[in-house]
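The values are calculated or read from the model by the stated rules, or taken from the named source; none is laboratory data. Predicted model only: the values in this text are computed from it and were never measured. Note that each Cβ is placed from the backbone with ideal geometry, even for glycine, and that neighbours are counted across all protein chains shown. The accessibility values were calculated without ligands, DNA or RNA, using every heavy atom of the protein model including side chains. Shrake-Rupley method; radii C 1.70, N 1.55, O 1.52, S 1.80 Å.
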Amino acid sequence: MIQAVIFDLDGVIADTVELYYIATKRIADEIGVPFDRRLNQQLQGMSRQAMVEALLGEKAGEWTKEEKVKLGERRGMYYRELIEQLTPHNILPGMYSLLQHIRNDGVPVALASSSSNAFTVVERLGVRSFFDVIVDVKTITQLKPNPEIFLTAANELGVDPRDCIAIEDGEAGIQAIKQAGMFSVGIGKHLAPLSPDWLVERTEQVTWEQLKRMFLKKRTTPLM
């Protein structure tokens, strides 16, 4: 029995991955380091500090801790400017319908996003009412790929992690879901090497009926 469904936000519900790219590319250009969409995907779900370190790469040692903090804050400011433009039209295909069907079945829903702007984004998208729990990332000590944020979501919902489905588009997120012992849904071909329990290329492929079938199939498949 599915006790809960836990969502990541950026790249799963919200069409914001490109906004992260724009904000981070602006920083990369300012400081003269290479940055592309592949690296942007790898950074999804990381803490701000980890993102800055990855962005700087070999140049990380040339920056002081204080300079790195300011760099992360500036990138955050650029991103917040961009999300001010979000509307319900920025919900990724199929996600509003998925949330509706889960809610209609009475299954609890949580949001486990590493973004400090998660509350703002769901309000702007008009989907806040679908979530029984939104994990406050400020209360999380270890971000993805550590499973803490997903385990916190399950705990706040009062459910067993093993009976939860979690949906992610980030590599760190899939690693975290697997460590949490949850059924993992990966969005994007780039996640194939991590072998999520169900891999799809696009958000609209994740329907509630198919999600229930895939979860049941996993539960009834004998271990080799």
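A few points about this structure:
- Criterion violated by R48 - all others in (1) among the charged types (D, E, K, R); (2) under 15 Å from the mean Cα position of the chain (by Cα); (3) at pLDDT 95 or above satisfied: (3)
- Residue selected from segment 170-187 under the condition modelled with pLDDT of 95 or more and not in a helix (DSSP H, G or I), by the criterion farthest from Q142 (Cα to Cα): I187
- Residues within segment 143-168 that are at pLDDT 95 or above and either of a type in the set (A, V, I, L, M) or under 15 Å from the mean Cα position of the chain (by Cα) (or both), tallied: 15
- Unique residue being open to solvent by less than 70 Å² (accessible area, probe 1.4 Å) and on the phi > 0 side of the Ramachandran plot when the list is G76, G126, G72: G126
- Looking only at segment 9-53, and only at residues there that are surrounded by fewer than 20 Cβ atoms within 10 Å (Cβ to Cβ) and of a type in the set (S, T, N, Q), the one that is nearest to G72 (Cα to Cα): Q49
- Scanning segment 100-122 finds one or more residues that are open to solvent by 50 Å² or more (accessible area, probe 1.4 Å), closer than 22 Å to A176 by Cα and not in a helix (DSSP H, G or I).
- In a residue-by-residue description of segment 4-17, the property of being part of a helix (DSSP H, G or I), under 23 Å from Q205 (Cα atoms) and of a type in the set (A, V, I, L, M, F, W, C) applies to at least one position.
- Those residues of segment 188-207 which are part of a loop (DSSP other than H, G, I, E, B) and among the hydrophobic types (A, V, I, L, M, F, W, C), in sequence order: V206
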